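The values are calculated or read from the model by the stated rules, or taken from the named source; none is laboratory data. These numbers come from a predicted model, not from an experiment. Cβ sites come from the backbone with ideal geometry, for glycine too, and all protein chains shown count toward neighbours. When the accessible area is computed, the model is the full protein with side chains, heavy atoms only, and any ligands, DNA or RNA have been set aside. Shrake-Rupley method; radii C 1.70, N 1.55, O 1.52, S 1.80 Å.
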Amino acid sequence: MNAIDLFAGAGGFSTGATMAGCNVVWAANHWQSAVDTHAANHPGTAHACQDLHQAVWADVPAHDLLLASPCCQG
């Protein structure tokens, strides 16, 4: 099962999904430091640093599961 991770942070949600048998194919966050950390923890995942309110969803890989943590600004 392929998953994407929104507001991915350091990758805790992605780690759990991977442990459950998912393949996290794409992750995004608005903060470059978080994206860099997630990429170090999940090197096989494609990454995007962008405001998810302005994402081009047609560019997101096909997936079966959407993981979405709460955004940190709230």
Response to the item:
Subset of segment 9-21, residues in contact (Cβ under 8 Å) with a residue 12 or more places away in the chain, assigned to a loop (DSSP other than H, G, I, E, B) and open to solvent by 10 Å² or more (accessible area, probe 1.4 Å), comes to Gly9, Ala10, Gly21
Discussion item. Scan segment 51-65 and tell me whether some residue there is assigned to a strand (DSSP E or B) and open to solvent by 50 Å² or more (accessible area, probe 1.4 Å).
Written reply: yes
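Would you say Ala39 is open to solvent by 40 Å² or more (accessible area, probe 1.4 Å) and either aromatic (Phe, Trp, Tyr) or free of Cβ contacts under 8 Å to residues at least 60 places away in the same chain (or both)? Give the steps one after another, and end with the answer.
Details: open to solvent by 40 Å² or more (accessible area, probe 1.4 Å): no; either aromatic (Phe, Trp, Tyr) or free of Cβ contacts under 8 Å to residues at least 60 places away in the same chain (or both): yes.
For Ala39, the condition - open to solvent by 40 Å² or more (accessible area, probe 1.4 Å) and either aromatic (Phe, Trp, Tyr) or free of Cβ contacts under 8 Å to residues at least 60 places away in the same chain (or both) - is not met.
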Discussion item. Go through (1) modelled with pLDDT under 95; (2) touching a strand residue (DSSP E or B) at 6+ places or on another chain (Cβ under 8 Å); (3) not in a loop (DSSP other than H, G, I, E, B) for His47 and report which single condition fails.
Written reply: (1)
Item to complete: Pull up segment 22-35, narrow it to residues that are in a helix (DSSP H, G or I) and not small (Gly, Ala, Ser), then point me to the one that is surrounded by the fewest Cβ atoms within 10 Å (Cβ to Cβ).
Response: Gln32
Worksheet item: When Ser14 is evaluated against the numbered criteria (1) over 12 Å from Leu67 (Cβ atoms); (2) under 8 Å from the mean Cα position of the chain (by Cα); (3) among the small types (Gly, Ala, Ser), which criterion, by number, is the only one it fails?
Response: (1)
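Results for (1) in contact (Cβ under 8 Å) with a residue 12 or more places away in the chain; (2) out of contact with any helix residue (DSSP H, G or I) (no Cβ under 6 Å at 6 or more places or on another chain), shown as yes or no for each residue.
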residue	(1), (2)
Val24	yes, no
Trp31	yes, yes
Ala34	yes, yes
Pro43	no, yes
Leu52	yes, yes
Pro61	yes, yes
Leu65	yes, yes
Pro70	yes, yes
